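**Q** Quick one: this structure, given as structure tokens, is what I'll be asking you about.
Every number here is computed from the coordinates shown, using simple stated rules; none is lab data. Please read all numbers here as calculations on a predicted model, not as lab measurements. Here the Cβ positions follow ideal geometry from the backbone for every residue, glycine too, while neighbour counts run over all protein chains shown.
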Amino acid sequence: MTLSQALNQKIRELLRRERWSQREFATQLGVSPGTVSHLINGKRRASGLDEYEQLARVFDMPLSVLIADLERRVAANAIGPSPADHQVTDDLDTKLNAVLAANRAQAEATERMLRALLKNARR
């Protein structure tokens, strides 16, 4: 399983759990229904930290927990990420290495710091 496939699986689970249509999920995520369809069907991948932050918000979990969950799903299937996923995972690993290595309290503090840095960088 690749990182993208793990995310597709996670999205499908959320849609079933919340009983949301793709359109409702798109509204929650702030994207078009076509974008959601492409994410679910593997025609598009979440490629940046901003997109993962949006997904974490909709999943109602800290970004670090979402990334850890996706990595566990990939590892559980023993195939590992595809070469195309390496760019995404390298970027996320660089920014979230401390978050994933820390305990929950440290992870939340680091995540808040990363969000503030990103917010300031966008200004």
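**Q** In what sequence, highest mean first, do 34-42, 11-19 appear when ranked by Cβ atoms within 10 angstrom?
**A** Result, highest mean first: 34-42, 11-19.
**Q** Give me the one-decimal nm value for the distance between modelled label points at Ser37 and Arg19, 7 Å along each residue's Cα-to-Cβ direction.
**A** Output for this residue pair reads 2.5 nm.
**Q** Please turn the phi angles of the range 107-123 into ³J(HN,Hα) values with the Karplus equation 6.51 cos²θ - 1.76 cosθ + 1.60 (θ = phi - 60°), one per residue in order, whole Hz, x for glycine and proline.
**A** 4, 5, 5, 5, 4, 4, 5, 4, 4, 5, 4, 5, 4, 5, 5, 6, 6
**Q** Here's a follow-up. For Thr27 and Ala116, calculate 0.36 nm times their separation in residues minus their Cα-Cα distance, and state this gained length in nm to one decimal.
**A** Going from the current span to full extension adds 29.6 nm.
**Q** Could you go through the range 8-18 in sequence order and give the Karplus-derived ³J(HN,Hα) for each residue, using 6.51 cos²θ - 1.76 cosθ + 1.60 with θ = phi - 60°, rounded to whole Hz, and x for Gly and Pro?
**A** 4, 4, 4, 4, 4, 4, 5, 4, 5, 4, 8
**Q** Search the structure for amide H atoms under 5 Å from the amide H of Arg44, placed 1.01 Å from N in the peptide plane, and list their residues when 5 or more places away or on another chain.
**A** Amide H to amide H, under 5 Å and 5 or more residues apart or across chains, Arg44 pairs with Leu39.
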